[in-house]
Amino acid sequence: MAQHCPECGFANDDGAAYCQRCGAFLASGGDPAGPSTATYRVGETGEIEVIEREDVVAWGAALVIRSGGGRAGESFPLQGDRLTVGRRPECDVFLDDVTVSRDHALIVRRGSDYYLDDCGSLNGTYVNRHRIESHRLSDGDELQVGKYKLAFLSR
């Protein structure tokens, strides 16, 4: 029996914690802070390597794609003081979809905090469903860039 998303009405598989279409939390699914969220990275050979949440944030903050583009679970460790997010292949967080601007947003480290700054994108940048121009990120924040929803994870 399918679970219907309270946000968009999409019929999801039983036991799903998040909607496969919009990424909303499904109350009847798993615990959003529990181990049901899987993360992975693409290895040097192109193979998918599963990563535990603790390993994702072991060396600092990271972004994990929750939904969008068939890439749910892919993770991006936040290394360095400035990371680009956009549709341009040279971006540190490359999101290949027309809903994402070429130079959509920046993640900037200021002291010990990370900030998400919109770069004048056409569709906007959102944190926890609020459109932002600049926002200090906290553990568990949900970012939306075009059709992609990402989780910000930190230690």
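The values are calculated or read from the model by the stated rules, or taken from the named source; none is laboratory data. Quick caveat: nothing in here was measured; it's all calculated off a predicted structure. Virtual Cβ from ideal backbone geometry, glycine too; neighbours counted across all protein chains shown. We work out accessible area using only protein heavy atoms, side chains counted, and drop any ligands, DNA or RNA first. Shrake-Rupley method; radii C 1.70, N 1.55, O 1.52, S 1.80 Å.
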- Task: Those residues that are open to solvent by 30 Å² or more (accessible area, probe 1.4 Å) and within 14 Å of the chain's Cα centre (by Cα), I need them from region 85-101; list them, please.
- Result: Asp92, Phe94, Asp96
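Looking only at region 65-82, decide whether some residue is open to solvent by 20 Å² or more (accessible area, probe 1.4 Å) and hydroxyl-bearing (Ser, Thr, Tyr). Show your work before the answer.
First, pick out the residues of region 65-82 that are open to solvent by 20 Å² or more (accessible area, probe 1.4 Å): 66, 69-72, 74, 76-77, 79-82.
Those still in the list that are hydroxyl-bearing (Ser, Thr, Tyr) too: none.
No, region 65-82 has no match at all.
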- Pairs under 8 Å by beta carbon, first residue on the phi > 0 side of the Ramachandran plot in region 95-124, partner open to solvent by 40 Å² or more (accessible area, probe 1.4 Å), six or more apart or different chains? Gly124/Arg131
- Query: If you take just the strands (runs of 3 or more DSSP E) that sit entirely in region 93-155, which of them hold at least 3 residues that are at pLDDT below 95?
  - Reply: 148-153
- Item | Matching residues, region 106-129, being small (Gly, Ala, Ser) and closer than 16 Å to Ala62 by Cβ | Ser112
